[in-house]
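Inspection log for the structure reproduced underneath, given as structure tokens.
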């Protein structure tokens with residue numbers, strides 16, 4: 001169901017609390033609070049904002065790349081998509097924290113957008129995924145205003161292509177752009193374009209397009225709650241996810257354990 005948001009709540013919201021997981025910031029917000037924040041940003045349109053939906057993969061990348069860490073630090077909100085990330089964040093915060101799956105955020109916002117008249121734009125993934133995504137969202141929310149959907153080439157863009165894509169998005173006038181290019185490409189793309197596109201909110205959404213489109217089955221809630229979503233993803237997309245399972249997950253867990261026992265300390 002759509003969140004009921006009053007005019008006063010949109011314009012008066014406290015600065016969200018956050019904790020650091022292996023040095024990376026994660027904000028302590030519920031899904032409803034994130035939706036309220038997005039609506040407030042759309043209403044005020046003061047500066048371009050962006051949201052990082054990240055988990056163990058993004059945190060590992062931020063520790064390996066100072067440039068990516070700076071990008072992640074620039075996010076107006078950084079929210080946890082990953083059960084292990086949530087568990088460790090709860091330990092740091094000494095309070096409960098909600099796991100925000102990218103697919104849930106995308107679908108809930110589109111539900112709200114269909115009622116409020118917000119314009120959404122989808123950038124990334126393949127033409128087939130985008131076609132299935134738009135078809136499913138239109139079936140679910142007939143009044144949803146999809147301003148556009150574009151699948152860029154899977155290579156570096158030429159200056160001419162960059163200018164054409166920028167013009168295409170600017171002319172579409174979206175209120176929110178969801179970027180599904182995969183981590184860390186989508187975050188770097190947002191960092192490079194957020195000041196050029198005049199969009200109130202941009203969201204680095206990961207593989208959510210595939211899940212919401214129905215082309216890739218998301219992990220059942222019980223699997224996700226048990227912290228085994230990584231295994232589900234690996235079994236369904238081994239070529240895409242093997243590095244996370246073999247490299248990123250063990251590094252993340254090992255370093256979380258080292259911080260818990262006091263051997264390492266992250267700022």
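The values are calculated or read from the model by the stated rules, or taken from the named source; none is laboratory data. Model, not experiment: these values are computed from the prediction. Heads up, the Cβs are rebuilt from the backbone with ideal geometry, glycines too, and the neighbour counts pull from every protein chain shown.
Restricting attention to the stretch 114-130, the residues being surrounded by 19 or more Cβ atoms within 10 Å (Cβ to Cβ) and either without any contact (Cβ under 8 Å) to a residue 12 or more places away in the chain or in a helix (DSSP H, G or I) (or both) number 3. Checking every residue in the stretch 131-140 against the condition of being more than 22 Å from residue 200 (Cβ to Cβ) and buried (at least 17 other Cβ atoms within 10 Å of the Cβ) gives at least one match. Would you mind stating whether residue 92 is surrounded by fewer than 21 Cβ atoms within 10 Å (Cβ to Cβ), within 21 Å of residue 75 (Cβ to Cβ) and under 14 Å from the mean Cα position of the chain (by Cα)? Here the answer is no, as residue 92 does not meet what is asked.
Here is the figure for the stretch 238-252: residues that are more than 15 Å from residue 64 (Cα to Cα) and modelled with pLDDT of 75 or more total 2.
When residue 153 is tested against (1) part of a loop (DSSP other than H, G, I, E, B); (2) touching a residue at least 12 places away in the same chain (Cβ under 8 Å), exactly one condition is not met: (2). Test residue 111 against the stated conditions and say whether it is in contact (Cβ under 8 Å) with a residue 60 or more places away in the chain, crowded, with 17+ Cβ neighbours inside 10 Å and assigned to a helix (DSSP H, G or I). Against the criterion (in contact (Cβ under 8 Å) with a residue 60 or more places away in the chain, crowded, with 17+ Cβ neighbours inside 10 Å and assigned to a helix (DSSP H, G or I)), residue 111 qualifies.
Only one entry of 227, 206, 192, 262 meets the criterion of being within 22 Å of the chain's Cα centre (by Cα), in a loop (DSSP other than H, G, I, E, B) and within 23 Å of residue 64 (Cα to Cα), and that entry is 206. Does residue 100 satisfy being farther than 23 Å from residue 224 by Cβ and either under 21 Å from the mean Cα position of the chain (by Cα) or at pLDDT below 95 (or both)? Judged against the criteria, residue 100 is not a match. Close Cβ contacts (under 6 Å, 6 or more residues apart or on different chains) running from residues in the stretch 165-183 that are closer than 21 Å to residue 154 by Cβ to residues that are modelled with pLDDT under 95 and part of a helix (DSSP H, G or I) comprise 183/57; 183/58. Considering only residues in the stretch 209-222 that are exposed (fewer than 15 other Cβ atoms within 10 Å of the Cβ) and over 15 Å from residue 137 (Cβ atoms), the one that is farthest from the chain's Cα centre (by Cα) turns out to be 222. Taking the numbered list (1) in a helix (DSSP H, G or I); (2) within 17 Å of residue 103 (Cα to Cα) in turn, residue 216 passes all entries but (1).
For the stretch 131-139, state whether one or more residues are within 19 Å of residue 199 (Cβ to Cβ) and touching a helix residue (DSSP H, G or I) at 6+ places or on another chain (Cβ under 8 Å). Checking the stretch 131-139: at least one residue is within 19 Å of residue 199 (Cβ to Cβ) and touching a helix residue (DSSP H, G or I) at 6+ places or on another chain (Cβ under 8 Å). Does residue 221 meet the test of being under 29 Å from residue 126 (Cα atoms) and without any contact (Cβ under 8 Å) to a residue 24 or more places away in the chain? The answer is yes for residue 221.
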